[in-house]
Amino acid sequence: MKKSLILMLAGMLLMLTLSACAAGPGGAGGSGGPEGTADSGAGNGGGGSGGSQEITVWAWDPNFNIAALRIAKERYEAKHPDVKVNIVEYAQADIVQKLNTGLNSGTTKGLPNIVLIEDYRAQNFLQAYPDAFRDMSGAIKAEDFAEYKIGLTSYNGKQYGVPFDSGATGLYVRTDYLEQAGYTVDDLTNIDWNQYIEIGKKVKEATGKDMLTQDPNDLGIIRVMAQSAGTWYLKEDGKTPNLADNPVIKEALETYKAMFDANIVKMNADWSQFLAAFNNGDVASVPTGNWITPSVKAEASQAGKWAVVPTPRLAGSAGAVGASSLGGSSWYVMNMDGQDTAANFLAETFGSDAEMYSEMLEKVGVIGSLKAASSGDAYDKADEYFGGQKIYADFAKWTEEVPKVNYGLHTYAIEDILVIEIQNYLNGKDVDNVIRDAQAQAEAQLQ
């Protein structure tokens, strides 16, 4: 990146100042202390050339992403004893803030060699800072990964990201609560959201438990509904708002409101409360990405009481399927000192090692998007926590069915608008006025 000397110096001073400031925890699926939690005594910075080399990786979620990284680190360091892989855990929101601050300053000093970026945010970084990330086209083969991930991780014909988890969604259900309401797992298999709501009413009546938990500031379930019907908040160009004339978005909002009107939603305010809602047994189901599996299994007392079925589909949207994606992420190499080692680490691990993915599946519950890793004994293994169900084979199948959409540049900017408008909708505003006003605000803000 070509910046003036003055801007470079100013950026370095800014980073020195910021390094003394604590960044609070937060972010979806994120955790970590004020300055992150490091494995191997890591500091920020890249590996040098020659002799012993160190690379630093930033990621969030200790139960999933960090756990997967530790497996990759162990396997890679065993083959490359001259390389030390330092893992630093930050909340996702902190990673976004730190990346933006550093890259806006015109310097990569203080940034990691490898960073995990959520797929919804990838194009924002790639298009705003194309010179900040290493082109991985020669290190991995794009065709080796699930098709719907490739467009999200590439830009201008170059493959920058190494796709990681599939993000494929499922409906996690408490079988004991269903039985109390007179239902079986089959009754929730391949249903639409309207049927889900009706079942939720009966479950609430029989057990006193809400059907699901929702944070009003997190519209992940709207994203799930939209992608399952092959559409998004934006048109195919990834920039133009697609709300007012989008029947899928309208139906998704109507379905969302119907859940609240049915009184089957337990509110939560953050990630910790989201986890507590199902770990404490307060809800009967969790519609979300497969990355939640280790968090579900963290509550040992509920073993044998869970199953996973396909994601409900929108009833009125032609072409809607029982598969979607939520919160998937991919790895990116920063264009800085140590990038060759960092690129090699990703190429040998997340970019090609099917055996490693099998280990991550067995130990962590990672469903990768590497095609070669989507079969084998690990996927065919029954999970006794889920009543002997082969949940990983099911998720692998659903991954192949996820519709491909372009998340574009403005997913979260549009959701900032929708969060407010949906609250107006829940309070009585007409749905057509809601999406029309949201469209107008998006067009005004995103030009």
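Numerical summary
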{"item": "Total residues in the stretch 123-153, condition free of Cβ contacts under 8 Å to residues at least 24 places away in the same chain and small (Gly, Ala, Ser)", "result": "3"}
{"item": "Breaking point among (1) more than 22 Å from the chain's Cα centre (by Cα); (2) open to solvent by 40 Å² or more (accessible area, probe 1.4 Å), for ALA244", "result": "(2)"}
{"item": "Filter result (assigned to a helix (DSSP H, G or I) and open to solvent by less than 50 Å² (accessible area, probe 1.4 Å)) within the stretch 187-203", "result": "LEU188, TRP193, TYR196, ILE197, ILE199, GLY200, VAL203"}
{"item": "Unmet criterion (only one of (1) at pLDDT 95 or above; (2) farther than 23 Å from MET259 by Cβ; (3) surrounded by 15 or more Cβ atoms within 10 Å (Cβ to Cβ)) for GLY368", "result": "(1)"}
{"item": "Unmet requirement for SER137, which otherwise passes all of (1) under 22 Å from PRO294 (Cα atoms); (2) within 26 Å of the chain's Cα centre (by Cα); (3) among the hydroxyl-bearing types (Ser, Thr, Tyr)", "result": "(1)"}
{"item": "Flag if GLY322 is crowded, with 17+ Cβ neighbours inside 10 Å, of a type in the set (Gly, Ala, Ser) and modelled with pLDDT under 95", "result": "no"}
{"item": "Selection status of LEU409, modelled with pLDDT of 90 or more, assigned by the TED database to the domain that holds GLY319 and either within 29 Å of ASN290 (Cβ to Cβ) or surrounded by fewer than 21 Cβ atoms within 10 Å (Cβ to Cβ) (or both)", "result": "yes"}
{"item": "Among the candidates LYS404, LYS390, LYS429, residue that is in contact (Cβ under 8 Å) with a residue 24 or more places away in the chain and open to solvent by 30 Å² or more (accessible area, probe 1.4 Å)", "result": "LYS404"}
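The values are calculated or read from the model by the stated rules, or taken from the named source; none is laboratory data. Everything numeric here is computed off the predicted structure, so don't read it as measured data. In this analysis, Cβ positions are derived from the backbone assuming ideal geometry, glycine residues included, and neighbour counts consider all displayed protein chains. With ligands, DNA and RNA removed, areas are computed over all heavy atoms of the protein, side chains included. Shrake-Rupley method; radii C 1.70, N 1.55, O 1.52, S 1.80 Å.
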